[in-house]
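The values are calculated or read from the model by the stated rules, or taken from the named source; none is laboratory data. Bear in mind that the values here come from a model prediction, so they are computed numbers and not experimental data. Methodologically, a virtual Cβ is constructed for each residue, glycine included, from the backbone with ideal geometry; neighbour enumeration extends over all protein chains shown. These accessible areas exclude ligands, DNA and RNA; they are computed on the full protein's heavy atoms, side chains included. Shrake-Rupley method; radii C 1.70, N 1.55, O 1.52, S 1.80 Å.
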Amino acid sequence: IEIISGKENFPGGEVGQVRWEGIAVKKTTVRADTPQKASVQVCYESNVLSQPEVCVRPRSGSDGIIEGECNVGKKTFSGGQGGPISVVSVTENVIKISDTENKIKFIIEVDNVGGGDVIDLDEVQDCKLSAEDKRFATVKIEASWLDGELFECDRKGELIIRDSRKGTISCTSNNVANDQHYSLPLNIKMNYGYVKSINKGFTLKEDVFFS
C-alpha cells in the first residue's frame, strides 16, 4: 500500500500512517480502469522548540564590550525547525534598567512555511473548519534563556496569525548585567494547531471487480 506523504519535510517531526478500511464501491460504477482522487484533511497539534542564537551585550559606551563579539539588532533565520511554523527573525533591543543592569526586548517574527493553515488548538479535535476559522489563529509562545526562566511576553504569550501568514510578538528578558557580552541560544517554544489537505490520485482497476 502506497503511503500518502506530505510535501514538506520537517526535521525532528514524527511520521505516522493511517489506514481506512471498508470503503465500498459499486461494481456497476467500474466498467474500466477508472482514475480517482482522494482528499485527506489532517488536523494536529504541534509543539516546537526553536533555538536561534542571540546576543547579550552591554549598552553602547559601557565597559565590558568585547571587540569582535556579537551585536544586537535584527537576525534572520531559515531552514526547518521541526514544524510548519518557523522563527524567521529576531530583533533585539537593550533596555536600561539601572546603571548596572539591562533587560533585552526580543521581537520574534514567525512564518507559516508548511503549506497549510494555522488553527486554534480547540479546533484540532473535530477538524471541521470553515474559511473563517482559518482567518485568525493563536500560536502560544514561551521564550526563555537555557535555564528555563520565562520572559514576559505581550498578550500573555499569544501570537496572533492572520490568514495563516506571518506574525510577531514581543518578549522581554529578565535582568542581565550590563558588563556581560556573549552569544547564546534563545529558547522559543511554540504550541498551535495546524491543518493541511493532502490530495492523491489512484486507479480503480476494472479487473478487480469483473474478474
Residue check, residue 103 at pLDDT 95 or above and among the basic types (Lys, Arg): yes
Check residue 172 against each of (1) open to solvent by 80 Å² or more (accessible area, probe 1.4 Å); (2) polar (S, T, N, Q); (3) closer than 30 Å to residue 101 by Cα and name the one condition it does not meet. (1)
Restricted to the range 21-80, and to residues that are open to solvent by 100 Å² or more (accessible area, probe 1.4 Å) and of a type in the set (Lys, Arg), which residue is modelled with the highest pLDDT? 74
Quick one: residue 53 ticks every box in (1) without any contact (Cβ under 8 Å) to a residue 60 or more places away in the chain; (2) touching a Ser or Thr at 6+ places or on another chain (Cβ under 7 Å); (3) closer than 17 Å to residue 171 by Cβ bar one, so which box is it? (1)
Please name all residue pairs, on different chains or six or more residues apart, with Cβ atoms under 7 Å, provided the first residue is in the range 74-88 and is without any contact (Cβ under 8 Å) to a residue 12 or more places away in the chain and the second residue is surrounded by 14 or more Cβ atoms within 10 Å (Cβ to Cβ) and assigned to a loop (DSSP other than H, G, I, E, B). none
Just to be sure I understand the filter: pairs with C-beta atoms under 8 Å, separated by 6 or more residues or on different chains, first member in the range 122-141 and under 23 Å from residue 86 (Cβ atoms), second member of a type in the set (Lys, Arg). Which pairs pass? 135/162; 136/162; 141/189
Quick check on the range 114-147: of everything there that is under 30 Å from residue 63 (Cα atoms) and of a type in the set (A, V, I, L, M, F, W, C), which residue is least open to solvent (accessible area, probe 1.4 Å)? 143
Condition first: among the β-branched types (Val, Ile, Thr), open to solvent by 50 Å² or more (accessible area, probe 1.4 Å) and within 17 Å of residue 142 (Cβ to Cβ). Now tell me which residues in the range 81-113 satisfy that. 107
Would you confirm, using the coordinates I've provided, whether residue 152 is modelled with pLDDT of 95 or more, acidic (Asp, Glu) and surrounded by 15 or more Cβ atoms within 10 Å (Cβ to Cβ)? no
